[in-house]
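The values are calculated or read from the model by the stated rules, or taken from the named source; none is laboratory data. As the structure is a prediction and not an experimental result, all values here were calculated from the model. Neighbour counts are summed over all protein chains in view; Cβ atoms, including those assigned to glycine, are modelled from backbone coordinates with ideal geometry.
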């Protein structure tokens, strides 16, 4: 009974996340339309909202119209941010509670194999929802300039920190690291965002690597290139930056499919570029600084 | 051991009380910052578990108060919060918190951390954990069975200690993986490494003839059985 209840709870949560994602996609579209409109306004002087233009009767109508649209848009944008923030934060607590109950359920005496399997499935999916939720909070925060304070960050140092974090996994998979990391190269960016960016890049380079493979890291004044051995991709490399696009050559459903879209968001935010190149199992990510 | 849980989410509070009462802790609770202040002023606890977003203010004020007071220096403080930014964690530790756990968390993880904090702060738990002839020396991070030393790697020791601190409970693979590698490791990613460590740990324990303390529970996790 408890199990059925928990399963339906998890299902509801997944459904909720789906609705939430659709909502995001819709709002993203509105945002891109708006950006387009805004560019038009900036390019074309007749659309200017300056007072003299308002004095012409036709422009006044148009001007008011645009001003109205802009107000609406600002309102939608504000509501979107609030919705995402609230939804995500409000989800964390019920998630913690369900997870806790599942843990208590797990301690019950005389559980059968099927019970353990059911509880295991609940906990696994729950973990996924909660990771998804965290990733969406992060994406929203980046979009709404939640990380505004920049400092001078030395790339080589940050890369070394990541390699240290991942060392057990690198060793376990027997991956060879080749690196060219000049110490003096730096970027102006938020320390937390740099960490997230590099962590996602290295996580992929290790996770999708082959046993006894390699990772080559080349840093110069303009870019950081991370090349790794791996399996051939079944889809265009650029597709990998889209949300929820994982390569289907991986049978196991791993990861969320958000890692690289987070990387791209961060690069967009700083007007840097990120490219994915792939050829016969060799994967290369090139991050070009501004 | 006496602990105080300051948490305004009723369901989460009840859950923690249920779990930790079974552990044999004396649990008290507060639902707001004010109530938390009142309790720590009037009573003493070995460990205080505090949420940050509380009715009446931020939980960090309670840490400041505890750390600004000689009398409460021995009280362990464990922050439990939905705020997962690294900066937030650093800030709380600088204020004097002993540990910081992000919501949603595994109860087995919180349990192990409470024990670690209590041991460091109050000496509540002795320098070693003993189960029959199996002895875990916490300062030296070594393991003995009777007279013979069992050489474990750092990770193997960590797994054994984590399971031992949650003895007679089923601990999930995911809890152990998160305990070892933190939250940023994906499940399937880290399970392979976990299996390898557990396999070696078991081999070393059985080579020392110390019987099977570790039980596998239907692919979901492991259990340290102490008779």
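General observations
- Flag if residue A:126 is over 23 Å from residue A:208 (Cβ atoms), at the interface with chain B (Cβ under 9 Å from one of its Cβ atoms) and not in a helix (DSSP H, G or I): no
- Test for residue B:152: is it at pLDDT 90 or above and not assigned by TED's automatic domain parsing to the domain that holds residue B:32: yes
- Flag for residue B:216 being within 14 Å of another protein chain (Cβ to nearest Cβ) and surrounded by 17 or more Cβ atoms within 10 Å (Cβ to Cβ): no
- Filtered by the rule that a residue be within 16 Å of residue B:15 (Cβ to Cβ) and either part of a helix (DSSP H, G or I) or away from every other protein chain (no Cβ under 11 Å) (or both), the range B:83-112 gives B:107, B:108, B:109, B:110, B:111.
- In the range A:93-118, the residues that are assigned to a helix (DSSP H, G or I), facing chain B (nearest Cβ under 7 Å) and in contact with a helix residue (DSSP H, G or I) (Cβ under 7 Å, 6 or more places away or on another chain): A:93, A:95, A:96, A:97, A:99, A:100, A:101, A:103, A:104
- Some residue of the range A:197-206 being in contact with a strand residue (DSSP E or B) (Cβ under 8 Å, 6 or more places away or on another chain), farther than 25 Å from residue A:124 by Cα and either modelled with pLDDT of 85 or more or within 14 Å of chain B (Cβ to nearest Cβ) (or both): yes
- Top-ranked residue in the range B:1-24 [being surrounded by fewer than 21 Cβ atoms within 10 Å (Cβ to Cβ) and assigned to a loop (DSSP other than H, G, I, E, B); ranked as farthest from the other protein chains (Cβ to nearest Cβ)]: B:1
- Just one residue in the set A:142, A:177, A:185, A:215 is touching a helix residue (DSSP H, G or I) at 6+ places or on another chain (Cβ under 8 Å) and within 14 Å of chain B (Cβ to nearest Cβ); that residue is A:142.
- Condition check for residue A:209: surrounded by 16 or more Cβ atoms within 10 Å (Cβ to Cβ) and touching a strand residue (DSSP E or B) at 6+ places or on another chain (Cβ under 9 Å): yes
- Among the candidates A:142, A:119, A:155, the residue that is buried (at least 17 other Cβ atoms within 10 Å of the Cβ), within 22 Å of residue B:83 (Cα to Cα) and at pLDDT 80 or above is uniquely A:142.
- Summed over the range B:99-127, the residues that are surrounded by fewer than 21 Cβ atoms within 10 Å (Cβ to Cβ) and more than 21 Å from residue B:177 (Cα to Cα) give a count of 9.
- Hey, residue B:80 in contact with a helix residue (DSSP H, G or I) (Cβ under 9 Å, 6 or more places away or on another chain), within 13 Å of another protein chain (Cβ to nearest Cβ), in a strand (DSSP E or B) and modelled with pLDDT of 90 or more or not: yes
- Taken as a whole, the condition of being under 15 Å from the mean Cα position of the chain (by Cα) and assigned to a helix (DSSP H, G or I) applies to residue A:139.
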